[in-house]
Every structure is written in structure tokens, then in C-alpha cells.
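Trainee: Quick one: the structure is below, questions incoming.
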Amino acid sequence: MGGVTMEFDLREGIDFADAVRNKTNELASGCICSSDIIDREEYLANLLNHFEAAFPLCSVLVTNKNHTINGQHKHFRYEQPVSIFGHTRRTDVYVIGRGYNTVFTLLGDGGFRHWIFRGWFERRGKTVIFK
């Protein structure tokens with residue numbers, strides 16, 4: 001009975017393993033650690049607390065929903081990590097000085113998942129007038 005002879009080129013196996021390793025590293029470079037992902041409410045509250053400490057004489061508003069804002073303000077934009085694969089959610093922070101009468105209107109759903117604010121203001125539903 002004749003035997004079957006197979007030739008195996010070890011370099012092909014090494015090249016394949018290198019390709020898999022390189023692709024895995026490429027994918028992982030866009031990943032973040034799962035411990036870096038926090039819920040929306042906590043993320044918004046952390047930003048609010050940070051900016052409120054930095055600008056104690058101003059009003060601060062943080063949102064991750066569509067909105068309009070009219071009047072003087074300072075705008076900061078952040079990207080909240082939402083998955084281990086690098087997906088983010090845009091988050092806007094507004095710092096508003098006293099006496100500017102800046103008007104902010106939330107166009108999406110309300111609730112602490114989408115916006116949070118402190119300072120000097122008058123609220124009318126989804127519209128906030130910062131005094």
C-alpha cells in the first residue's frame with residue numbers, strides 16, 4: 001500500500017499567524033477597556049461636576065441630544081465611550097455666564113439620560129433660559 005505524502009511549508013503557517021495577529025492588533029487599537037464605559041447619567045453628571053468646579057460663577061449644561069442654543073456661551077464637545085469597539089456618543093457642554101439670557105431648547109427626549117444642568121435659570125418644559 002502506498003502512503004500519501006504531504007508537504008507542508010512552515011512559512012505559510014507563520015505568515016498566516018502573523019496576519020491574524022496583525023489584524024487582531026489593528027482591531028484592538030480601536031477598542032477601549034470595558035471599565036472605561038459608564039452609563040449616560042453618570043457620564044453627564046461627571047462632566048457637569050467638573051465644569052461646575054472649574055466655572056463656579058457660571059451655569060453649566062451638559063447634553064447628548066439634538067438641541068438649539070441662542071445667546072452667549074462657551075461650548076465644549078466630548079465623545080463618550082459607549083462600547084469596547086470604540087463607538088462614541090457626542091456630548092456637548094455649555095458654560096454660560098450670569099446675565100447672558102442664553103436660551104437652550106432640547107429637541108429630543110428629556111430626562112437625566114440626555115441632559116443635566118445647574119446654575120441660574122428658568123425652565124419652561126424643554127426650554128431653559130439661563131439668567
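The values are calculated or read from the model by the stated rules, or taken from the named source; none is laboratory data. Please read these numbers as outputs of a predicted model, since none were measured by experiment. Here the Cβ positions follow ideal geometry from the backbone for every residue, glycine too, while neighbour counts run over all protein chains shown.
Trainee: Among the listed residues Ile96, Ile84, identify the single one that is closer than 14 Å to Ile38 by Cβ and either part of a loop (DSSP other than H, G, I, E, B) or at pLDDT 95 or above (or both).
Mentor: On the way: Ile96 fails: closer than 14 Å to Ile38 by Cβ.
Only one candidate passes the filter, namely Ile84.
Here's the yes/no breakdown for (1) more than 19 Å from the chain's Cα centre (by Cα); (2) outside any strand (DSSP E or B); (3) surrounded by fewer than 12 Cβ atoms within 10 Å (Cβ to Cβ):
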residue	(1), (2), (3)
Ile38	no, yes, no
Glu42	no, yes, yes
Phe51	no, yes, no
Ser59	yes, no, no
Phe76	no, no, no
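Trainee: Considering only the stretch 111-125, state which residues are in contact with a strand residue (DSSP E or B) (Cβ under 8 Å, 6 or more places away or on another chain) and of a type in the set (Gly, Ala, Ser).
Mentor: Result: Gly119, single match.
Trainee: With the checklist (1) part of a strand (DSSP E or B); (2) surrounded by 13 or more Cβ atoms within 10 Å (Cβ to Cβ); (3) under 17 Å from the mean Cα position of the chain (by Cα) in hand, flag the one item Phe104 doesn't pass.
Mentor: (3)
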